[in-house]
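Participant: Have a look at the structure that comes next, please.
The values are calculated or read from the model by the stated rules, or taken from the named source; none is laboratory data. The shown structure was predicted, so the numbers you read here are calculated from the model rather than taken from an experiment. Virtual Cβ from ideal backbone geometry, glycine too; neighbours counted across all protein chains shown. Note: areas computed on protein heavy atoms with side chains; ligands, DNA, RNA excluded. Shrake-Rupley method; radii C 1.70, N 1.55, O 1.52, S 1.80 Å.
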Amino acid sequence: MHAPKSFDVICTGEPQWKLAGRGLRPGGGAVNVAVALAREGRRVGLATVVTDDAQGRMAVERIAATGVDVGGVTLTRPRAGLLLVDATGSASQLPASLSPDVDEPRPLEVPAAWSSQVLLLSGLSPVVSQAAALCKAARRARREGTLVVIDFNASLHLWVGRDPRTIQMVLREVDVARCSVADLAVIGMNAESVRKALRKGATLVMSDARGGAVATGPFGEVAFVPPKPLPADKQGAGDAMTAAICGELTRAGTPGESASAKWERALRRGHAAMLS
């Protein structure tokens, strides 16, 4: 049983692992956003599944050391997996759900006693059980008055040959959907198809490789065009933008501030976060 806890933001999603020296370090959208927000002084809870081995337990300790509440992290038995190494020498671990001769991964679950202003769901999966788990978490959060944000964080090796219709049930439950142009290409959707899947009152935030972004919703359209493109080494910093958006959604704002003004500020802060 978990004790009741209230957070600014709860982050949930499958962790990813990056090769660092002789070992793997924790990463992925949920972890990266949680750590970034905690370092800003936000109250952040992390709900994810980590292998119950030396590497997994060390990862949880490192995340907790940044100020993130890891009480929602579940330890599960180690699973076989494949390590993908790219041309630069960096590596990421292929989720066990896509490795041969293993069971389907345990679905993510946010502790029932936890509450927050914002719930971040990071990483859309074509695995039906994973999508259903995110859908369940989103529905419960919205019933409690929580804003639900989904960051697509689409991985090419997860989505090759998969049907994007599996995620429509998740998109119907969110208040904000954040994606990049590259995410949509990986999944096989476009901005119009995402908008149709969202509820009428939801907001779609789409970013591009330059670091610009467009937010569309009941308030109309707000666009941020950066004065110059992002440096090449910053173009993969989408988690920083997601963290900035989640942070802005927890702010009270100024009296009388319009929704479009709030989104304009959020997009500007998101771009600044990507540069830092």
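Participant: From Ala191, Ala137, Ala252, Ala223, grab the single residue that is under 18 Å from the mean Cα position of the chain (by Cα) and not polar (S, T, N, Q).
Facilitator: Being under 18 Å from the mean Cα position of the chain (by Cα) and not polar (S, T, N, Q) holds for just one of Ala191, Ala137, Ala252, Ala223, which is Ala137.
Participant: While we're here: Could you say which residue among Gln117, Gln93, Gln55 is open to solvent by 50 Å² or more (accessible area, probe 1.4 Å), modelled with pLDDT under 85 and in a strand (DSSP E or B)?
Facilitator: It is Gln93.
Participant: Regarding Ala272, is this residue open to solvent by 40 Å² or more (accessible area, probe 1.4 Å), more than 22 Å from Leu121 (Cα to Cα), out of contact with any helix residue (DSSP H, G or I) (no Cβ under 7 Å at 6 or more places or on another chain) and in contact (Cβ under 8 Å) with a residue 12 or more places away in the chain?
Facilitator: When the stated conditions are applied, Ala272 passes them.
Participant: Something else: Scan segment 228-254 and report the pairs whose first residue is free of Cβ contacts under 8 Å to residues at least 24 places away in the same chain and whose second residue is open to solvent by less than 10 Å² (accessible area, probe 1.4 Å), with Cβ atoms within less than 8 Å and a gap of 6+ or a chain change.
Facilitator: So the pair list comes out as Pro229/Gly211; Glu248/Ala266.
Participant: Provide a single number: the residues in segment 2-27 that are open to solvent by less than 10 Å² (accessible area, probe 1.4 Å) and modelled with pLDDT under 90.
Facilitator: Of the residues in segment 2-27, 2 are open to solvent by less than 10 Å² (accessible area, probe 1.4 Å) and modelled with pLDDT under 90.
Participant: Could you please give the count of residues in segment 255-266 that are under 21 Å from the mean Cα position of the chain (by Cα) and more than 21 Å from Ser207 (Cα to Cα)?
Facilitator: 0
Participant: Could you tell me whether segment 149-169 includes any residue that is in a strand (DSSP E or B), under 19 Å from Met274 (Cβ atoms), open to solvent by less than 10 Å² (accessible area, probe 1.4 Å) and in contact (Cβ under 8 Å) with a residue 40 or more places away in the chain?
Facilitator: Yes, some residue in segment 149-169 is in a strand (DSSP E or B), under 19 Å from Met274 (Cβ atoms), open to solvent by less than 10 Å² (accessible area, probe 1.4 Å) and in contact (Cβ under 8 Å) with a residue 40 or more places away in the chain.
Participant: What is the residue count in segment 217-231 for residues that are open to solvent by 30 Å² or more (accessible area, probe 1.4 Å) and either within 17 Å of Glu192 (Cβ to Cβ) or at pLDDT 90 or above (or both)?
Facilitator: Of the residues in that region, 6 qualify.
Participant: Among the numbered criteria (1) more than 19 Å from the chain's Cα centre (by Cα); (2) β-branched (Val, Ile, Thr); (3) open to solvent by 60 Å² or more (accessible area, probe 1.4 Å), which single criterion is violated by Val181?
Facilitator: (1)
Participant: A further question on this structure: Can you tell me which of Lys196, Lys234 is at pLDDT below 90 and basic (Lys, Arg)?
Facilitator: Lys234
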